[in-house]
Amino acid sequence: MAGARPDQRPISPHVSIWRWHVTMASSILHRATGFGLYVAALGLALWLMAAAAGPQMYEPLMAFLMGPLGQIALYLIVAAIAYHLANGIRHLVFDTGAGLAPSEADTTAWFVILFAIAVPIGLWALLTFGGLR
């Protein structure tokens, strides 16, 4: 390999070579939710600035957030928070040496994904039908 030309060298494994599995998707989702949370933090800052600027800036922003696109964005933000938190805890457990067997890693990855889907739905149900008024 030392004398091989660059076009003859093996490339490192690429996503098109590997068979997709849930732990691969979990890793990619963790990075995507981390980026999404940065964007959400900017959105929170804009929301706070609009609230401080007065009703003429705040009302259009709230109209957007109460519309379908805003509700989808809020769902995705809550899902990203839940996913990133649960997957962070999963990795802390991995750091202890537990849960590293492929079957255990797959199971915990599925749990984290389903948790991230369920948390926004549960929060919506609690706020809509719960006694927190």
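The values are calculated or read from the model by the stated rules, or taken from the named source; none is laboratory data. As the structure is a computational prediction, the values presented were derived from the model and not from experiment. In this analysis, Cβ positions are derived from the backbone assuming ideal geometry, glycine residues included, and neighbour counts consider all displayed protein chains.
A few remarks follow.
- Checked against (1) surrounded by fewer than 17 Cβ atoms within 10 Å (Cβ to Cβ); (2) of a type outside the set (S, T, Y); (3) within 16 Å of V22 (Cβ to Cβ); (4) in contact with a Phe, Trp or Tyr (Cβ under 9 Å, 6 or more places away or on another chain), A116 passes all but a single condition, namely (1).
- The listed residue being modelled with pLDDT under 95, of a type in the set (A, V, I, L, M) and on the phi < 0 side of the Ramachandran plot, out of A2, A53, A41: A2
- A53 of a type outside the set (S, T, Y) and touching a Pro at 6+ places or on another chain (Cβ under 7 Å): no
- Residues in the stretch 74-113 that are charged (D, E, K, R) and in contact with a helix residue (DSSP H, G or I) (Cβ under 8 Å, 6 or more places away or on another chain) were compared, and the one that is surrounded by the most Cβ atoms within 10 Å (Cβ to Cβ) is R90.
- Within the set G122, G130, G67, the sole residue that is small (G, A, S), without any contact (Cβ under 8 Å) to a residue 12 or more places away in the chain and surrounded by 12 or more Cβ atoms within 10 Å (Cβ to Cβ) turns out to be G122.
Each row is one residue, and each column tells you yes or no for (1) in a helix (DSSP H, G or I); (2) touching a Leu at 6+ places or on another chain (Cβ under 7 Å); (3) aromatic (F, W, Y).
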residue	(1), (2), (3)
G43	yes, no, no
L46	yes, no, no
M49	yes, no, no
P60	yes, no, no
F64	yes, no, yes
H84	yes, yes, no
F111	yes, no, yes
P120	yes, no, no
T128	yes, no, no
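- Residue within the stretch 14-24 that is touching a residue at least 40 places away in the same chain (Cβ under 8 Å), touching a Lys or Arg at 6+ places or on another chain (Cβ under 7 Å) and assigned to a helix (DSSP H, G or I) present: no
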